[in-house]
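The structure under discussion appears below in the form of structure tokens.
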Amino acid sequence: KNEVEQSPQNLTAQEGEFITINCSYSVGISALHWLQQHPGGGIVSLFMLSSGKKKHGRLIATINIQEKHSSLHITASHPRDSAVYICAVSGSEKLVFGKGTKLTVNP
Amino acid sequence: DTGVSQDPRHKITKRGQNVTFRCDPISEHNRLYWYRQTLGQGPEFLTYFQNEAQLEKSRLLSDRFSAERPKGSFSTLEIQRTEQGDSAMYLCASSLAGGSEAFFGQGTRLTVV
């Protein structure tokens with residue numbers, strides 16, 4: 001079993017829909033990261049959080065430390081949100097990544 | 001500073017050849033990480049440096065792989081005698097020590113034919 005599990009693996013939505021991507025982890029962490037990866041490979045950090053909730057524009061990330069679970073929400077989804085969203089955790093010095101969720105938002 | 005840069009962006013090489021990739025981190029960042037990502041998978045840790053010291057290496061990093069960060073600034077990752085299984089995206093990231101946010105480069109996509 002991977003240390004970081006994401007669901008769903010693939011997600012297709014219509015423009016405007018509310019999106020939720022889930023992440024569960026099995027190790028102790030100091031922080032959880034949500035990352036976005038577009039075709040071509042570059043990774044952009046969306047959030048780094050260790051408790052509670054963070055919001056940036058249409059993106060919201062929450063974490064429940066006791067349940068070892070985090071969610072990434074996208075409100076009013078748009079085709080430009082189409083990307084792979086990756087959850088990663090840091091406990092020691094390095095990041096441990098989930099396999100990613102491929103999101104496709106259709107117009 | 002324009003962020004983390006990696007060179008080249010793409011590399012196609014014949015099996016058995018040696019390749020070297022370069023990563024230039026954000027200038028004030030003392031931590032530098034190398035990750036490898038194969039198709040459909042999340043990135044996997046290879047190694048990291050704090051300043052010029054290589055502090056941890058993954059067991060994924062076979063004897064054919066070597067990484068350096070000689071002056072604590074840019075880093076190179078060399079793969080000797082490449083194999084088809086080395087085909088992957090090689091990602092570099094940098095951060096400040098102490099659990100701060102990591103910033104990623106665009107990656108180098110290696111194809112071994």
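The values are calculated or read from the model by the stated rules, or taken from the named source; none is laboratory data. Source: prediction; values computed, not measured. Note: ideal-geometry Cβ built from the backbone for every residue, glycine included; neighbour counts use all protein chains shown. What goes into the accessible areas is simple: the full protein's heavy atoms, side chains included, and nothing from ligands, DNA or RNA. Shrake-Rupley method; radii C 1.70, N 1.55, O 1.52, S 1.80 Å.
So, for the stretch A:58-107, what is the accessible surface per residue at a probe of 1.4 Å, expressed in square angstrom? Don't skip to the answer; put the middle values down first.
Values: 2020 Å² over 50 residues.
Per residue, the stretch A:58-107 has 40 Å² of solvent-accessible surface.
Using a probe of 1.4 angstrom, how much of the accessible area of chain A is carbon and sulfur, in percent? Walk me through the intermediate numbers first.
Numbers: 2550 of 5100 Å².
Whole-percent figure for carbon plus sulfur exposure: 50.
Normalise the Debye intensity by I(0) for the stretch B:74-113, one equal point scatterer per Cα, no solvent, then take log10 at q = 0.19 Å⁻¹ and round to two decimals.
Once normalised to I(0) and log-transformed, intensities are -0.67.
Could you tell me the center-to-center distance, by alpha carbons, between the stretch B:71-88 and the stretch A:82-97 in angstrom?
Cα centroid of the stretch B:71-88 versus Cα centroid of the stretch A:82-97: 22 Å apart.
Among B:84, B:50, B:41, which one shows the biggest mean-square fluctuation in a GNM of chain B, springs joining Cα atoms closer than 10 Å?
B:41
In square nanometres, what is the average projected area of the Cα convex hull of the protein assembly as shown? Don't jump to the answer; show the numbers that get you there.
Numbers: hull surface 48.9 nm².
Spelled out: convex hull of the Cα atoms, projected over all directions, averaged, 12.2 nm².
Using a 1.4 Å probe and counting only protein heavy atoms, how much accessible surface gets buried when B and A come together, both sides summed, in Å² to the nearest 100?
1500 Å²
Using Cα-only point scatterers and the Debye equation, what is log10 of I(q)/I(0) for the stretch B:12-113 at each q in 0.20, 0.21 Å⁻¹, rounded to two decimals?
Cα-only, vacuum Debye calculation for the stretch B:12-113: -0.98, -1.08.
Please compute, for peptide A:38-47, the average count of beta-carbon atoms on other protein chains lying within 10 Å of each residue's beta-carbon. Before the final figure, lay out the partial values.
Values: counts 1, 0, 6, 13, 10, 13, 2, 6, 0, 1.
Across the residues of A:38-47, the mean count of other-chain Cβ atoms within 10 Å is 5.
Give me the 1.4 Å probe accessible area per residue for chain B, excluding ligands and nucleic acids, in Å². Walk me through the numbers before you get to the answer.
Numbers: 5730 Å² over 113 residues.
That works out to 51 Å² for each residue.
What percentage of the solvent-accessible surface of chain B, computed with a 1.4 Å probe over protein heavy atoms, is contributed by carbon and sulfur atoms? Display every interim value, and only then the final one.
Details: 2520 of 5730 Å².
Percent of accessible area from carbon and sulfur atoms in chain B: 44.
Over the Cα atoms of the stretch A:33-107, each weighted equally, I'd like the Debye log10 I(q)/I(0) at q = 0.14, 0.19, 0.21, 0.23 Å⁻¹, rounded to two decimals.
These q points yield log10 I(q)/I(0) values of -0.45, -0.82, -0.99, -1.15.
For the stretch B:71-107, state which residues have at least 40 Å² less accessible area in the presence of all protein chains than in their chain by itself, taking the probe as 1.4 Å and leaving out ligands, DNA and RNA.
B:101, B:104
Just give the residues from the stretch A:92-106 buried by at least 50 square angstrom of accessible area in the all-chains context relative to the isolated chain, probe 1.4 Å, and say none if nothing qualifies.
Buried-area filter returns A:93, A:94, A:95, A:97, A:99.
Once the piece of chain linking residue A:66 and residue A:104 is laid out straight, how much longer is it, given 0.36 nm per residue of separation minus the C-alpha distance between them? Walk me through the intermediate numbers first.
Values: separation 38, 0.36 × 38 = 13.68 nm, distance 3.10 nm.
Difference between extended and current length: 10.6 nm.
Can you pull the one-decimal nm distance between simple spin-label points at residue A:73 and residue B:12, each 7 Å off the Cα toward Cβ?
About 4.6 nm separates the two model spin labels.
Give the calculated FRET efficiency between residue B:39 and residue B:74 to the nearest 0.05, with a Förster radius of 30 Å applied to their Cβ-Cβ distance.
Efficiency for this residue pair is about 0.65.
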